[in-house]
Each structure stands twice: as structure tokens, then as C-alpha cells.
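**Student:** Take a look at this one; I'll ask things after.
The values are calculated or read from the model by the stated rules, or taken from the named source; none is laboratory data. This one's a predicted model, so the numbers in the text were calculated from it and none came from an experiment. Backbone-built Cβ (ideal geometry, glycine too); neighbour counts: all protein chains shown.
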Amino acid sequence: MKLYYKYLLLFVAFQLGSNTGILSAQSIIPAVITGDFADPSIIRANNAYYAVGTSSEWAPHFPIYISSDLKSWKQTGYVFDKAPDWTMGSFWAPEYYFMNDTYYIYYTARRKSDKISCIGVASSKYPDRGFTDHGVIIEQGKEAIDGFIYNYNGQLYITYKAYGLDNRPIEILGRKLSADGLKAEGEPFSLLRDDTRIGLEGQSILKKDDYYYLFYSAGNCCGGGCSYNVRV
């Protein structure tokens, strides 16, 4: 899993305060999407904002919301009305990406044949409907989750958490994608390694000036002993 929906609120608050560069107390607003809406990904399209989030074991899968101002949101659909044939549950961490006039959603789900979480991809010409599933794109050990897409000088890459359930260090891995975004290519490479297994996941990459920044979640989530925190 990635960050819970409260981080969507922080994102909105940051955007609302970004005109001045100062995040004031007045910029922080109440919950804009209530309930369990973990791992949100937001994209701007057609003069609106679309948000998609985790649905876990609930169906339909991966709810989609629309907003014109990042404050008022209305549910507009789902990525999947019916679960893809290869899946059996644990629908987590959907990630929007747009290219070639097509909307992609890279998502995590548990594979029916062996109960291992893998990363799949679906695509549509619309941000809120009509998604076609293309099946598994990433599998790694006993778990591969939290896909994030990055374009580096025209080459697509997917980053993801691996080995969370294996008897070895957890890693954030990267791997090349095909030009159409539907196939993994080459061998995976390591971006970050967790030798002590404190937990790391939910990564994203941001470039500013000459540096690339890897943000990720660390610690234990969730419940009474939660130690979840965001690092860079």
C-alpha cells in the first residue's frame, strides 16, 4: 500500500497554497474525499482533475473521482466493474499515466493462480471509463506492488516495491518499459535497499534542477503500532 487518503489532502492543501509558496493554516481544508481512499493518484485532463484510489477487497474496483478545483469531488466511475480474470483481490495503489493520447493505470492485484501480488496495467482513451486490462506487467519474488512510472529522456521506466514477503532485504526496483507502456524490458535494477526490513514502499520520483528525488513511505502500517512515515 502507499499513503492513505490523508496525503491526498496534504497534496490539495499544498496546491492551494502554492501561489505564494507558503502553506498557511487557512490553506488546510477538511477531508475532500471521505472514507477509505488509500493510495490516491491524480491526473489533470479535459480541464478537470481525476483521482483514482485503492479498493482492496471491495468491488467495483478502483473508484475514480472528478473535481474542477481539487476541493469538491464527485465519484464518476471505476477502473474495473468486474475484476480481471487473472486477479483474486488486494486491489491496491493504482497509478495514472498519460501518453500517446491514452490513459494508463498501473495497479497492484493478487494473482489467482498463486496468490502473489503483481502489477498489472490497463488503458483507455478516457480518464474515467472504458479501461481494457492488459494483464500482469511486473512480478518479482513473492510480492511486487506500488508501481510508479517515470519518463527519463524518452525512455519509460516503472519503479516498484519488491520482496516484502521474501526472506531477504526489501528493495525499490526499477525496470525499463516498452514504448507502448505495456511490457517490461531488460533486467530490474535496485534504487533503494532495506537491509533491516523496517519497511519501504509507495515510492515516487521528482526532478528539480539537476537532482532526482525519491520519495517513499517507511515503517509499519497500520494499526495501533503504526510507525508509518514519509522519507526522501
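**Student:** Of everything in segment 31-67, what is surrounded by 14 or more Cβ atoms within 10 Å (Cβ to Cβ), part of a loop (DSSP other than H, G, I, E, B) and not aliphatic (A, V, I, L, M)? Give them in sequence order.
**Tutor:** Phe37, Asp39, Pro40, Gly53, Thr54, Ser55, Pro60
**Student:** Given the structure, is Gly202 of a type in the set (Gly, Ala, Ser), in a strand (DSSP E or B) and within 28 Å of Asp101 (Cα to Cα)?
**Tutor:** Spelling it out, Gly202 is indeed of a type in the set (Gly, Ala, Ser), in a strand (DSSP E or B) and within 28 Å of Asp101 (Cα to Cα).
**Student:** Go over the candidates Ile66, Ile42 one by one and state the one that is in contact with a strand residue (DSSP E or B) (Cβ under 6 Å, 6 or more places away or on another chain), within 19 Å of Tyr106 (Cβ to Cβ) and modelled with pLDDT of 95 or more.
**Tutor:** Checking each option against the conditions leaves just Ile42.
**Student:** Give the number of residues within segment 171-205 that are at pLDDT 95 or above, of a type in the set (A, V, I, L, M, F, W, C) and either buried (at least 18 other Cβ atoms within 10 Å of the Cβ) or under 19 Å from the mean Cα position of the chain (by Cα) (or both).
**Tutor:** The number of residues fulfilling the criteria is 8.
**Student:** Testing Tyr228 on (1) crowded, with 18+ Cβ neighbours inside 10 Å; (2) of a type in the set (Phe, Trp, Tyr); (3) more than 19 Å from Val121 (Cα to Cα), one condition comes back false. Which one is that?
**Tutor:** That leaves (1) as the condition not met.
**Student:** Could you figure out which of (1) part of a strand (DSSP E or B); (2) buried (at least 18 other Cβ atoms within 10 Å of the Cβ); (3) not hydrophobic (A, V, I, L, M, F, W, C) isn't true of Asn151?
**Tutor:** Result: Asn151 passes all but (2).
**Student:** Tell me which residues, restricted to segment 154-174, are of a type in the set (Phe, Trp, Tyr) and not in a strand (DSSP E or B).
**Tutor:** Tyr163
**Student:** Please find, within segment 73-91, the residue that is surrounded by the fewest Cβ atoms within 10 Å (Cβ to Cβ) out of those that are of a type outside the set (A, V, I, L, M, F, W, C) and within 13 Å of Val136 (Cβ to Cβ).
**Tutor:** Asp85
**Student:** Does Ile172 meet the test of being in contact (Cβ under 8 Å) with a residue 24 or more places away in the chain, touching a Phe, Trp or Tyr at 6+ places or on another chain (Cβ under 6 Å) and not hydroxyl-bearing (Ser, Thr, Tyr)?
**Tutor:** The answer is no for Ile172.
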